[in-house]
Amino acid sequence: MHVTHLSLADFRSYARIEVPLDPGVTAFVGANGQGKTNLVEAVGYLASLGSHRVSSDTPLVRMGAERAVIRAAVTQGERSQLVELELNPGRANRARINRSSQVRPRDVLGIVRTVLFAPEDLALVKGDPGERRRFLDELITARSPRMAGVRSDYDRVLKQRNTLLKSAAMARRHGGRGMDLSTLDVWDQHLAQVGAELLARRLDLIETLQPLTDKAYEQLAPGGGPVALEYRSSSAGSEGGEVPRSREELFARLMEALAGTRKQEIERGVTLVGPHRDELLLKLGQLPAKGYASHGESWSYALALRLASYDLLRAEGNEPLLVLDDVFAELDARRRERLAELVAPGEQVLVTAAVDDDVPGVLAGVRFTVAGGTVERT
């Protein structure tokens, strides 16, 4: 899979830009603040319906404009498609495929698949659990686009349940009559059902990703491992223990956990168990990487997770586009060269860098100079 043309309108710093793209390596080179990352951010948005830099769409729309448009021509084998997203902050986004009927934005998922390396990746190791949960869930959706609907359903149910818990907590604090909690029983069922599906997918992903991550870490830092991915479930109980694997068992475990924490949840007005409270523990040797790994080891771990993601998606039949957003400037010479060697064979690789010297020689290919709102092939 590769993108043959990228078109942006009122996206970030670009009023309008047209960028033809080739398979192989393409590097966007220019000083900071000139719009290099904006280009690859747009490609990443088509793949995930989100930005790796910001949590909302508002900063993605050029100042003074009402909406932004991202359009890309995509080729996979003998098939070509044109995918378009219209970003409307504060309102529903819109999507089109092949300029014809309007579809839901999440229907475009799977047309473009990316694995993105960026300076923000260090948060996968050093950041809070939410970073690692998002990593898992975005990769799950890349493998199976329909999981976007499951994730959306879980977020909706969680929001509704939290609203009910908050109302119950406020009523209790103000000495009001006890609320009818039969509605809460219904939301428990919904949360456990959707949560079991999400949890099962996470557990399957971790099992598949484990050997790939260990292999990638060894390639980046020979002799520095092993690494291990360990899932910590909030519904496993205070004693921990092995998390069940079948959806039926996961549903039962979640229902039991919700019942066991209901008193605390009503007191605090928030849902305390479920996939949104789980943790992916990254271990280096026998120790957690967070807090124990050096800066270089943390970088190697983060890169290994991305490389493992790439290997997984490629093995499943649709090679993703690789994006390396200003990542080489963050790495020492050894890791820079090793990463470049590993990604160079990719069907399509997009690189951003402040200067030409930041792009390793093995990534020879097309170069664009980005400056003053223009993107020119050199």
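The values are calculated or read from the model by the stated rules, or taken from the named source; none is laboratory data. From a predicted model like this one, the values you see are computed outputs, not experimental measurements. Methodologically, a virtual Cβ is constructed for each residue, glycine included, from the backbone with ideal geometry; neighbour enumeration extends over all protein chains shown. Areas reflect the complete protein model, heavy atoms only, side chains present, ligands, DNA and RNA absent. Shrake-Rupley method; radii C 1.70, N 1.55, O 1.52, S 1.80 Å.
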Which listed residue, of SER51, SER56, SER7, is open to solvent by less than 20 Å² (accessible area, probe 1.4 Å), within 29 Å of GLY130 (Cα to Cα), outside any helix (DSSP H, G or I) and not aliphatic (A, V, I, L, M): SER51
The listed residue being of a type outside the set (A, V, I, L, M), under 21 Å from PHE251 (Cα atoms) and part of a strand (DSSP E or B), out of GLU230, GLU207: GLU230
Where a residue in the range 277-300 is within 10 Å of ALA228 (Cβ to Cβ) and its partner, wherever it lies, is among the basic types (Lys, Arg) and open to solvent by 60 Å² or more (accessible area, probe 1.4 Å), with Cβ under 8 Å and at least six apart: LEU281/ARG232; LEU282/LYS290
Matching option when the condition is part of a strand (DSSP E or B) and either open to solvent by less than 20 Å² (accessible area, probe 1.4 Å) or free of Cβ contacts under 8 Å to residues at least 40 places away in the same chain (or both), among VAL25, VAL69, VAL43: VAL25
Unmet requirement for GLU330, which otherwise passes all of (1) within 30 Å of ASP204 (Cα to Cα); (2) in contact with a Leu (Cβ under 9 Å, 6 or more places away or on another chain); (3) charged (D, E, K, R): (1)
Residue match in the range 236-254 (condition: modelled with pLDDT under 95, in contact with a strand residue (DSSP E or B) (Cβ under 9 Å, 6 or more places away or on another chain), assigned to a loop (DSSP other than H, G, I, E, B) and open to solvent by 30 Å² or more (accessible area, probe 1.4 Å)): yes
Residue satisfying condition, being without any contact (Cβ under 8 Å) to a residue 60 or more places away in the chain and under 23 Å from ARG53 (Cβ atoms), within set ARG336, ARG314, ARG306: ARG336
Residue that is among the hydroxyl-bearing types (Ser, Thr, Tyr) and either within 21 Å of LEU312 (Cα to Cα) or open to solvent by less than 10 Å² (accessible area, probe 1.4 Å) (or both), where the choices are THR213, THR183, THR261: THR213
Residues of the range 118-138 that turn out to be modelled with pLDDT of 95 or more and within 18 Å of GLY346 (Cα to Cα), as a count: 0
